[in-house]
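Worksheet: the structure to be examined is printed underneath.
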Amino acid sequence: MNPLHLCIALCPLAAYMFLLGAINLSRRPFLTTGGRDNYALGVAVVGLMIAGPMKLFLPDNAAALFGPYIWLLMLSLYFLAVTFWVLMERPRLVVFNSTIDQLKPVLRRVANELDPEARWSGDAILFPSLGIHLVLEESTAMRNVQINSVGGRQDFLSWRRLELALGGALRRETTAPNPYGGILLTIAVSITVVVVLQLMRRPDLAALEWKELMMF
């Protein structure tokens, strides 16, 4: 593969894996929303989309008309699609570097503060006063917990309240680093080294491909 294509395709993915690795090696749980999680994944694979489908199906007539600005239009369309995906998803929270057993006591305290009538059923919680119903799902290998909504009738403002309260509570918690994070960091660094070496070996080829990509 051309070194420039390799750089475009893999560098965002390496940055995403480096970020996940750093989060998993932290000694504190990390809370984010499902929307932010999806956006981060969308950014991670944007390089693969540019070097693959976008370049392969680039409309010639539009490229001749807009020149290098065609890439701005293509990326705008891509992120609009990612935004649509995020908006269509039900409310979801993700807690990295935690297990269900570690998260449950914290979530139980938060639930009692937000809604004294909150009821547990296994790994599910119903908040009658807030109008939300959720269930915990654990990924043992990556040691994270997803807090998924149950059903389509959810109060989004209450989910925001839950996010803020749970985020504040988790900042006071500590946990052991996840060894999985070391694997992610190793892969991210390896990808970066390979890309840099390829660029250093053939800078002329990378410059030529850049001009072709920008249609100069």
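The values are calculated or read from the model by the stated rules, or taken from the named source; none is laboratory data. Fair warning: this is a prediction, and the values are worked out from it, not measured in the lab. All Cβ positions, even for glycine, are placed from backbone atoms using ideal geometry, and neighbour counts span all protein chains on display. Protein only, heavy atoms only, side chains kept; ligands, DNA and RNA dropped before computing areas. Shrake-Rupley method; radii C 1.70, N 1.55, O 1.52, S 1.80 Å.
Report the Cα centroid-to-centroid distance between segment 5-49 and segment 170-205 in angstrom, as an integer.
Using only Cα atoms to place each centre, the spacing works out to 11 Å.
Of the candidates I70, I147, I191, which one comes out as most mobile in a Gaussian network treatment of the chain with C-alpha springs shorter than 10 Å?
Most flexible of the set in this elastic network: I70.
Can you give the local net charge around I132? Use residues other than it whose beta-carbon is closer than 14 angstrom to its beta-carbon, Lys and Arg +1, Asp and Glu -1.
Numbers: positive: R90, R92, R119, R153, R160, R161; negative: D115, E117, D155, E163.
Here the count lands on +2.
Which residue fluctuates most in the GNM of the chain (Cα springs below 10 Å): S149, S121, S190?
S121
Do the sum for the chain: with -39,500 (n - 2.57) for every DSSP H run of n ≥ 4, divided by all residues, what is the mean residue ellipticity at 222 nm, to the nearest 500 deg cm²/dmol? Provide the component values of the computation, followed by the final result.
Numbers: 9 runs with 128 residues, N = 216.
One gets -19000 deg cm²/dmol as the mean residue ellipticity at 222 nm.
Could you point to the label whose value was computed as Kirkwood radius over Cα pairs in Å for the structure here, given (i) 19.1; (ii) 19.8; (iii) 17.5?
Comparing each candidate, only (ii) matches the computed number.
Which FRET efficiency value, to the nearest 0.05, is calculated for D123 and T186 with the Förster distance at 35 angstrom and r the Cβ-Cβ distance? Intermediate values should be presented prior to the final figure.
On the way: r = 33 Å, r/R0 = 0.93.
The pair D123/T186 has a calculated efficiency of 0.60.
Counting only heavy atoms of protein chains, what accessible area per residue, in Å², does segment 27-171 have with a probe of 1.4 Å? Could the numbers behind the result be given before it?
Details: 8020 Å² over 145 residues.
It amounts to 55 Å² per residue over segment 27-171.
Name the long-range amide H neighbours of R28: under 5 Å, sequence gap of 5 or more, or other chain; modelled H, no Pro or chain starts.
Here the answer is T175, since their amide H atoms fall under 5 Å of that of R28.
Tell me, what % of the accessible area of the chain is carbon and sulfur with a 1.4 angstrom probe? Don't jump to the answer; show the numbers that get you there.
Working: 8010 of 12200 Å².
With neighbouring chains kept in place, the figure for the chain is 66 percent.
Given R₀ = 30 Å, what would the calculated FRET efficiency be for R36 paired with R109, taking r from the Cβ atoms and rounding to 0.05?
0.80
Tally Lys and Arg at +1 and Asp and Glu at -1 over the other residues with C-beta under 15 Å from the C-beta of A22: what net charge comes out? Before the final figure, lay out the partial values.
Working: positive: R27, R28, R143; negative: none.
Here the count lands on +3.
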